[in-house]
Amino acid sequence: MHPCIRITIMTKTNKSYTKRLKITKTGKLLAKKPGGDHFNAKERRVRQLARHAWQPFTMKRKTRDRFMPFK
């Protein structure tokens, strides 16, 4: 192999991570609160919406780059 030729391996984005996480403009990670998908009929609307709120999610930079290289 010629010494000037460099081969780069393209990493794929992990789809399960991209569906569950949201990256903001500033690069923060947000995740939905787990649970709260059933027994909502008798709940007040404010409480129903609170169950589906986004919350901050921490992940090391190296791990994030491994699972979501293009985000």
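No value in this document is a laboratory result; all are computed from the given coordinates. Because the structure is predicted, anything quoted here is derived from the model rather than measured. All Cβ positions, even for glycine, are placed from backbone atoms using ideal geometry, and neighbour counts span all protein chains on display.
Sort 37-44, 19-26 by packing, meaning the average of other beta carbons within 10 Å per residue, with the highest value first.
Values: 37-44: 9.0, 19-26: 11.0.
Highest-to-lowest ranking by the protection proxy: 19-26, 37-44.
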Inset, instruction - Starting from the Cα-Cα distance between Ala41 and Lys15, subtract it from 0.36 nm times their residue separation and give me the gain in nm to one decimal. - result: 6.2 nm
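Once you've got the Cα coordinates, tell me which of Lys22/Lys60; Lys15/Lys42; Lys22/Lys42 are over 25 Å apart. Walk me through the numbers on the way to the answer.
Working: Lys22/Lys60 15 Å; Lys15/Lys42 34 Å; Lys22/Lys42 29 Å.
Pairs exceeding the cut-off: Lys15/Lys42; Lys22/Lys42.
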Legend entry - MRE, 222 nm, helices only [DSSP H, n ≥ 4, -39500 (n - 2.57), over the chain, to nearest 500]: -7000 deg cm²/dmol
Legend entry - Extended-chain gain in nm, criterion 0.36 nm per residue less alpha-carbon gap, Arg61 and Ile23: 12.4 nm
Legend entry - Long-range HN-HN contacts of Met59 with modeled amide H, under 5 Å: none
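Around Ala53, with a cut-off of 10 angstrom between Cβ atoms, what is the net charge of the other residues, counting Lys and Arg +1 and Asp and Glu -1?
Details: positive: Lys32, Lys33, Arg51; negative: none.
Around Ala53, the surrounding residues sum to +3.
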